[in-house]
Amino acid sequence: MPNAIGIFNPSTAVSASGSIIIDADGKEMIDFAGGIGVVNAGHCPPPVVEAIAKQAATLIHCSFNVASYELYMQLAEKLANLFPHGDHTKVMLTNTGAESVENAIKIARQATGRQAIICYGGAFHGRTMMSMTLTSKVGYKLGCGPFAPEVYRIPFPDFYRYGSGLNLDEFSDIHLRELEDFFHTHVPAEQVAAIIIEPVQGEGGFNVVPQKYLQGLREVCDKYGILLILDEVQSGFGRTGKWAAYQHYDITPDLSTWAKSMGSGMPIGCVIGKAHIMDSCKPSTIGGTYPGNPVCCAAAIATLDYMEEININALGEKLGGIVRERFNNMKQQYPAIGDVRGLGAMMAFELVKNNDPFQPDGELCKKLISYCAGHGLIVINAGVNGNIIRVLSPLVIDESLLHKGLDIIESGLAVLTAEEVKAKSYEL
Ligand SMILES: Cc1ncc(COP(=O)(O)O)c(C=O)c1O
């Protein structure tokens, strides 16, 4: 394997169920990573396993272009009902989040006849060429350019770093005004096909877009005929306590992109959009061999049914409340935590030095992840500086296991920050 394929955690997974992963030594690990936000409904949910097995024995693949099948349409219909985009919604299935983003851009360009795309600092949209271009963190793209042309980046409204002395609404107004300026200084609004944003940045560090900003962005897009694309790949399917994070904002996107928890680990995603936008694509400009293959469709339908049955959104909301409270308590005790933030169960804390948002402590974050791994908890980081601990555990996690995982994080903080204080006093 190439060395470049990163490994967050030294353990080897052999099997998993619910929110527990079992490694090669038979050791149980509590999973706070959820396969990077993929198993909101838990590892191997029985109805999904059953649906996959049944479908695999019936029809694994024939390609929807070659011969259509009911499952693709059933899933599209289900998604359109869950996420209506205006009066008439259409759904295109894909294999991954990056592929969803690629297609959303192609659709937006064809629908508007414009080329420019605006994206954000801190954004992560995938690793294919266009999605990597849209991705912000330079560490993810070193040496991979030249990147796709006509992509413009504006700062994300990062309240923790830049909101000091302002309230969220004032802060949003400033950023919206800057966007209007951007249309005069960088690219005319009339040439912009779409603005793409994650309602809660995932890899960027669980930065939540302020309410007024996203609503304002919707208005700006309407004013200039720009399409608003919301990337829900990490924030979707109950993670924020709603099916979609955008449902917290009382707005509807023109296009949205999905994957991850949609198939409980089977590779499936989608683009959802207003019908007239989706239908503006020329024949054969979108599609592929595998998108929406029958086994993945069966997994996604069973996942969505199961999520409805267990009320995934209520689970997300409850879990988020517990984690937020515990993280806030930890912040009171450990000054290394500079910020606690998130939406629903998409919760994180940011580690900094000297209580300064501009002194990220990626080293401490690395040590904490390693401490947790040694004590039976898989947890991963986020953020362009790698200094943010994020929780992406299955939403079906048992409350006692959740607390056990949070206890491990807390004891790690206690041990590691005490060590730092000791090391500093030796230096003195
Ligand atoms: C918001 C967002 N968009 C797109 C992607 C890319 O998804 P995939 O890894 O399935 O290509 C990710 C993956 O982490 C993501 O978080």
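Brief remarks follow.
- Fewest-first ranking of THR12, THR185, THR112, using other Cβ atoms within 10 Å as the exposure measure: THR185, THR12, THR112
- Residue order for SER172, SER17, fewest other beta carbons within 10 angstrom first, comes to SER17, SER172.
- Separation between Cα centres of region 67-101 and region 264-334, rounded to whole Å: 12
- Length-normalised contact order for the chain - Cα pairs under 8 Å, 6+ apart - percent: 23
- Computed label-point distance, nm, for sites SER63 and MET129 using a 7 Å Cα→Cβ extension: 2.2
- Sorted by Cβ neighbour density within 10 Å, fewest at the top, the residues CYS365, CYS62: CYS62, CYS365
- LYS78 paired with ASP279, simple spin-label distance in nm, labels 7 Å along Cα-to-beta-carbon: 2.5
- Straight-line cross-link reach from LYS106 at under 30 Å between alpha-carbon atoms covers these lysines, not counting any fewer than eight positions away in the same chain: LYS78, LYS90, LYS137, LYS141, LYS212, LYS223, LYS242, LYS260, LYS274, LYS282.
- Working ranking of peptides 251-264, 157-170 by packing, defined as the average number of other Cβ atoms within 10 Å per residue, highest first, is 251-264, 157-170.
- Relative contact order (percent, whole number), region 190-333, Cα cutoff 8 Å, 6+ residue spacing: 21
- For region 144-210 and region 347-422, distance of Cα centres in Å: 28
- Cβ charges +1 (Lys, Arg) and -1 (Asp, Glu), total dipole of the chain, debye: 600
- Between amide H atoms placed 1.01 Å from N, distances below 5 Å from ALA194 occur with ILE118, LEU227, all of them 5 or more places distant or on a separate chain.
- Amide H contacts of ARG153: CYS119, each under 5 Å away and 5 or more positions distant or on a separate chain (H built 1.01 Å from N in the peptide plane; Pro and chain starts excluded).
- Packing rank of 227-238, 93-104, 44-55, 118-129, where each peptide gets the mean count of other beta carbons within 10 Å, highest leading: 227-238, 93-104, 118-129, 44-55
- The Rg/Rh ratio for region 42-102, using Cα coordinates for both the radius of gyration and the Kirkwood hydrodynamic radius, is 1.00.
- Taking region 367-407 and a reference point 7 angstrom along Cα→Cβ of GLU419, the backbone N atoms nearer than 11 Å belong to 367-372.
- Computed from point charges on the beta carbon alone (+1 for Lys and Arg, -1 for Asp and Glu), the dipole magnitude for region 161-226 about its Cα centre is near 80 Debye.
- Tensor-based shape of region 71-132 (alpha-carbon gyration tensor, a/c under 1.5 rounded, otherwise prolate or oblate): prolate
- Over the chain: helical MRE at 222 nm, DSSP H runs n ≥ 4 each giving -39500 (n - 2.57), nearest 500: -12500 deg cm²/dmol
- Under 19 Å from a label point set 7 Å out along the Cα-to-Cβ vector of ALA4, the amide N atoms of region 137-169 belong to 137-149.
- Cα gyration tensor category, rounded, prolate or oblate, for the chain with a/c compared to 1.5: oblate
- Gyration tensor verdict on region 267-389 (Cα atoms; rounded if a/c is under 1.5, prolate if a/b is larger than b/c, oblate otherwise): prolate
- Treating r as the C-beta distance of ALA148 and GLN211 and R0 as 30 Å, the FRET efficiency rounds to 0.45.
- Stretching the chain fully between HIS186 and ALA24 yields a gain of 53.0 nm (0.36 nm per residue, less the alpha carbon separation).
- Length-normalised contact order of region 31-182 in % [C-alpha pairs under 8 Å, at least 6 apart]: 13
- Each residue, ALA56 and ASN329, gets one label point 7 Å from its Cα in the Cβ direction; the gap between the two is 4.2 nm.
- Förster-model FRET efficiency, 51 Å R0, GLU70 and GLU178, C-beta, rounded to 0.05: 0.55
- Sequence-distant residues sharing a close amide H with ALA16 (under 5 Å, placed H): ILE22
We did not get these values from a lab; they are worked out from the coordinates using the rules stated. Treat the numbers as computed from the prediction; the structure is a model and nothing was measured. Because the Cβ atoms are built from the backbone with ideal geometry, glycine has one as well, and the counts that use them run over all protein chains shown.
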